[in-house]
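Participant: Structure incoming, see below.
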Amino acid sequence: MRRSIALGFCLAGLTGGAASAQDPPSDAPTQVGRVDWQGPYFLLGLGVEGYTGKLAPNLDPGPSYGVLVGYRANDYLGVELGYSGGVSNLSVANGSFFGTPDIVRNGGQAALTVGFTHTRLQPYVLGGIGVERYSVREGNFFRFFDDTGGYAPVGAGVRFKFNPQLTAEVRGTYSFLFGQDFAPAQNIGAGDGRYAGLLMIGGSY
């Protein structure tokens, strides 16, 4: 009987020692700064956009805005759908930055994003395709017309996660225009496009 009790204590001690050996020590190093970027997210953005090439001398930079809804399959790869809008004044019209716009742009796009780290501060790149509508204010703007066309946005940015729900990011994009007829008199070439910089605030879940 005594031998059985002693054997039981020995087995209990060995089991407890093995379990303790498997537990990480209290001073073991942890993955400092790592956060979980996976899951759905949404963003609201506001910034500035302008045009390049032959369009630049005739269109002033103006406000840009957008809404994005996306999903990241893991910490690095994501897809997003978004609305993109902006307003511009003609340089010859002497319009103000926040005055009545001469051209209003509304579009939708789909994009793929690729992040480079799994830390709280994450740089990333993006690329996609979209379609947009240009609405020209009524007036003597003989060189610009209402039109619908396509574009391909590419860009880069950096995002920061304040907590598991709140995120913010800054992104810059350049959109290649697909034969836009809203400015037929400009004879748009390969170097004509649109740049934009946005500050975006949103959440992830």
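Participant: Can you tell me the relative contact order of the stretch 36-204? Whole percent, Cα pairs under 8 Å, sequence separation 6 or more. Provide the component values of the computation, followed by the final result.
Facilitator: Working: 481 pairs, mean separation 40.2, N = 169.
Averaging sequence separation for qualifying contacts and normalising by length gives 24 percent for the stretch 36-204.
Participant: Then there is this: Counting other beta carbons within 10 Å of each Cβ, put E80, E132 in order, fewest first.
Facilitator: With the sparsest Cβ surroundings first, the list reads E80, E132.
Participant: Within 10 Å, Cβ to Cβ, of R133, how many net charges do the neighbouring residues add up to if Lys/Arg are +1 and Asp/Glu are -1?
Facilitator: Here the charged neighbours net out to -2.
Every number here is computed from the coordinates shown, using simple stated rules; none is lab data. These numbers were taken from a predicted model, which means no experiment stands behind them. No Cβ is skipped: glycine too gets one built from the backbone with ideal geometry, and neighbour counts run over all protein chains shown.
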